[in-house]
Structures are given as C-alpha cells and as structure tokens.
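Working notes, beginning with the structure itself.
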Amino acid sequence: MLITKMALPRRTFLRGVGAVVALPFLDAMMPALSAQAKKAPTVRRLGFVYTPNGATMASWTPNGDGPRLDELSPTLSALNPLKDHVLVPTGLSQRQAESWGNGNGEHSRGQTVWLSGVHPKRTEGADVRNATTVDQIAAQVIGADTRLMSIEMALEQNYLVGNCDNGYSCVYWNTISWRTPTTPLPMEVNPRIVFERMFGDGGSPAQRLAQVREDRSILDSVKEAVAGLERRLGAGDRVKVAEYLDSMREIERRIQVAERQSGESLIALPDRPIGVPENYDEHAKLMFDLAALAFQADITRVFTLLLGREQTNRPYPFLGVPEAHHAISHHQNDPQKLAKAAKVNAYHIELLARFADKLKAMPDGDGTLLDNSMILQGSGLSNSDQHSHIDLPLVMVGGGGGRLKGGRHLRFPKDTPMNNLHLAMLEKVGVPVERFGDSTGRIDLEPLAGV
C-alpha cells in the first residue's frame with residue numbers, strides 16, 4: 001500500500017457543468033496513517049422548536065414507570081422509528097413564567113421564558129427586558145466559525161406591535177430568541193429570505209463573493225461615521241451604540257467567513273424558494289428543510305423555529321381541526337376538544353420526526369447529523385386550559401455527538417426547573433455555564449446502567 005503525507009481537504013468537490021456537489025466525509029480526508037492520527041473533532045449542533053398553546057398531556061406523556069422508553073405515547077408515536085434517538089423528560093417546569101401579581105399574561109410569558117429562564121418585564125412599550133436565551137449563549141461559542149452564528153425562523157408574521165397580552169408587549173410574542181436581555185432577535189417567516197441569508201442572493205460562488213464584498217465596503221463607511229458620532233454622545237446613548245456596533249461586528253464576521261469560503265459550495269443548492277407558501281404544511285416542511293440544509297453545509301450550528309405564536313388562532317382543517325387552535329386548547333375537559341388539540345400536537349411531532357429522519361440520512365463525520373445534534377421541541381405551557389407551566393411537554397431527538405443516549409423516559413419531580421435541562425444541553429455542546437435562570441443544577445442526562 002502506498003502511503004503519502006497528503007490527505008484530501010475536508011471540502012473537496014466534484015465540479016461539473018453548472019453544478020458543484022460536495023463529497024461526503026471520506027477516509028481519504030483523514031491524514032495519512034489515520035489509525036494513529038487524531039480524528040477530526042465532532043461538531044455538535046442545537047435546534048429549538050416551539051409549539052404553541054400547550055398539549056393534551058394524557059396523550060403526550062409516555063406510559064410505564066421505568067426509564068426505558070419501550071413505546072412512545074400516541075402524540076409522540078411518529079418518532080417510534082427513531083426511538084433510540086429520542087429522550088422524553090417529564091416533570092420539568094418553568095415557574096418563571098407564572099404570575100407575580102402583575103396581571104395574567106400566561107401565554108406571552110410561557111413563550112418568552114421557554115428559552116430565557118427569567119421572568120420578563122411587563123411593559124407595552126419599547127423598554128422590554130428578558131434575558132439572553134440559551135440558543136444565543138450556545139451560538140456565541142459553537143457558532144464562532146460558521147457563516148451565521150444562528151438562524152431564527154417562524155411560521156407566523158412577526159410584525160405585531162403594542163399590547164398583545166395583558167400588558168405585555170407584542171415583542172414577547174414575535175420571537176423566542178434574545179441576543180441580549182434587551183435585544184430580541186427577529187424571526188424570519190419568508191423562506192426565500194432565509195435561503196438568501198444562508199447562500200447569498202447571487203446564484204454562483206463568484207456572485208455571492210461580490211455581494212459580501214459590496215456589503216463590507218458599505219459597512220466600513222458606516223463604522224467610520226459611528227465612531228465619530230460616539231465621542232459626542234451621553235452615557236445612555238453610548239450603551240445603545242455599543243450594542244449597535246456589536247451587531248455590526250457580527251455582520252463583519254459573517255462577511256469574513258463568507259470570503260474564506262469563497263468559491264466553495266458545500267452542497268448542491270436547491271432552487272431558491274419564491275416566497276411564503278400559502279399552505280402551512282408546505283411552509284413548515286420548507287423551514288425544517290432549510291434548517292437541515294444549514295446544518296449540512298455548516299452554515300450554522302444553532303437554529304430556532306417558532307411553529308406558531310401563543311394564542312394562535314390558526315385552524316388545521318387538513319387534520320380535521322377547522323377550529324382555532326387557541327380555542328380548542330382551552331378545552332374545559334371537553335373530550336372532543338382534547339382529542340382535536342392532541343391531533344395538532346401529534347402533527348407538530350410528525351414534522352419533527354420528518355426533520356430528524358432527514359438528519360439521520362445525512363452523513364457527518366463517523367455518524368450522521370442526527371447523531372451529532374440535539375433538537376428540543378415543546379411548549380411553554382402544559383395544560384393550556386389552566387395556563388399551567390408545570391410538567392411541560394418536551395421531547396429531545398439526537399445523539400449530542402455521542403453525549404446523549406436516547407430510548408429513555410426521564411421522570412423528574414414537578415418542581416424541577418426546565419432551566420436545569422438548558423444547563424445540561426449547554427454542557428453537552430461544550431458551553432459551560434454555572435447558572436441559568438432559576439436553575440438548581442444540571443439535569444443528569446446520562447443513562448442508567450443497562451438502559
């Protein structure tokens with residue numbers, strides 16, 4: 001056997017007429033004498049998918065007392081083929097979303113607290129305050145080498161303003177991702193715009209490179225103007241400008257990464273979406289597909305997806321649920337409403353199962369993208385009829401880069417903070433954080449012996 005010191009670059013492409021297709025990870029991409037060489041580090045990815053209006057918990061919660069997940073519940077049954085990659089934590093709560101004597105607002109707080117872990121400020125104005133969300137804490141570390149630190153997507157328009165829920169600003173409904181306690185991140189509804197953020201408006205690598213260079217020239221001129229202005233501002237305005245410059249530096253970082261990747265296209269790109277599909281099912285699947293594409297191309301390692309805002313009145317006639325989702329979620333123990341709400345819950349899980357199956361089919365290092373990802377899906381309410389934030393409906397899929405074992409149902413006391421789970425997830429992707437919200441420690445995600 002002939003051994004050389006050469007190895008194929010990780011980004012090696014087959015170039016044909018009008019197409020650039022990436023090769024999967026090959027043995028030849030490892031250094032020579034790879035049996036004695038260090039393996040490439042595992043890249044871990046995170047996704048957070050929010051479902052609105054709670055869940056029919058009797059249909060959600062798995063049966064059985066043991067930790068082994070022998071069979072998933074009716075709502076989660078679409079994940080049965082992927083059961084070995086599924087972990088169902090029950091008993092986790094977000095008491096930070098409960099009322100503290102300042103009005104109801106249970107829906108808006110439930111959504112806002114889900115990833116932030118703190119009780120948000122009650123305001124109808126621009127002085128909103130929450131906390132840096134777990135996705136952004138992770139993105140600042142594991143997203144440092146990708147073109148986009150994170151991608152935020154939604155399936156409902158996010159331009160609501162004013163008071164949306166008992167004195168809480170609509171800002172709390174428009175997003176689940178916050179870069180800082182005072183900087184909510186907009187969630188993009190249009191898949192075309194998401195696609196262009198990922199790959200640029202140009203159709204070829206040369207066109208995309210020209211676009212980012214044009215963006216950089218504009219950025220340079222703006223930075224000089226801001227620097228001159230900042231010296232004449234008061235303390236309060238300087239804080240605002242500092243946050244603005246942070247955003248500019250993030251744009252600059254993205255441009256630099258894009259330039260380093262100029263001429264490289266990690267995958268064969270699909271046709272660019274033409275806009276927002278009228279059909280919810282098509283829209284949802286397209287957004288999940290874009291998330292898979294972003295993971296596959298290593299454009300980002302963190303995404304959030306809002307399947308619907310709290311109190312959404314979206315009907316699901318294609319499921320046999322023509323009524324508004326929010327209306328049936330306030331079921332008053334009506335069996336028909338409970339059954340219809342469970343249908344909606346099960347459909348949202350079907351979307352997750354389809355996404356996870358797609359990740360499972362995508363090679364990544366020694367495994368698949370599903371092996372190296374952790375996707376958390378759930379809601380900030382459990383029993384929506386009671387506006388309860390106790391024992392939330394949550395499910396995780398993925399292998400966490402070998403650090404997460406599925407096929408388990410983890411039961412916790414009902415006062416266990418969900419923020420403990422956030423700490424554990426951050427630790428699994430190599431982002432150590434001592435505290436998060438009202439956390440009392442990390443959840444033990446390690447499997448029991450023999451499980």
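The values are calculated or read from the model by the stated rules, or taken from the named source; none is laboratory data. Since we're looking at a predicted model, the values are computed, not measured. Here the Cβ is made from the backbone with ideal geometry for all residues, glycine too, and neighbour counts use every protein chain on show. Accessible surface is based on the protein model in full, side chains and every heavy atom, while ligands, DNA and RNA are left aside. Shrake-Rupley method; radii C 1.70, N 1.55, O 1.52, S 1.80 Å.
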For region 43-83, name all the residues that are hydrophobic (A, V, I, L, M, F, W, C), part of a helix (DSSP H, G or I) and touching a Ser or Thr at 6+ places or on another chain (Cβ under 7 Å). Met57, Trp60
Residue list for region 423-437, filter: in a loop (DSSP other than H, G, I, E, B) and either open to solvent by 40 Å² or more (accessible area, probe 1.4 Å) or free of Cβ contacts under 8 Å to residues at least 60 places away in the same chain (or both): Gly430, Pro432, Glu434, Arg435
When residues of region 387-416 are limited to those that are open to solvent by less than 10 Å² (accessible area, probe 1.4 Å) and in a strand (DSSP E or B), the one nearest to Asp364 (Cα to Cα): Gly398
Residue under evaluation Trp100, criteria (1) aromatic (Phe, Trp, Tyr); (2) more than 22 Å from the chain's Cα centre (by Cα); (3) surrounded by 24 or more Cβ atoms within 10 Å (Cβ to Cβ), criterion not met: (3)
Residue identified as of a type in the set (A, V, I, L, M) and without any contact (Cβ under 8 Å) to a residue 40 or more places away in the chain among Ile328, Ile349: Ile328
Would you pick out the residues in region 285-307 that are out of contact with any helix residue (DSSP H, G or I) (no Cβ under 6 Å at 6 or more places or on another chain), at pLDDT below 95 and not in a helix (DSSP H, G or I)? Ala297, Asp298
Output the residue which, of all residues in region 369-386 that are at pLDDT 90 or above and not in a loop (DSSP other than H, G, I, E, B), is surrounded by the most Cβ atoms within 10 Å (Cβ to Cβ). Ser373
Could you list all residues from region 314-368 that are open to solvent by 80 Å² or more (accessible area, probe 1.4 Å) and either more than 30 Å from Ala297 (Cβ to Cβ) or in a helix (DSSP H, G or I) (or both)? Pro317, Phe318, Pro322, Gln332, Asn333, Pro335, Gln336, Lys343, Glu350, Arg354, Asp357, Lys360
Could you figure out which of (1) at pLDDT 90 or above; (2) closer than 12 Å to Leu92 by Cα; (3) touching a helix residue (DSSP H, G or I) at 6+ places or on another chain (Cβ under 8 Å) isn't true of Ile443? (1)
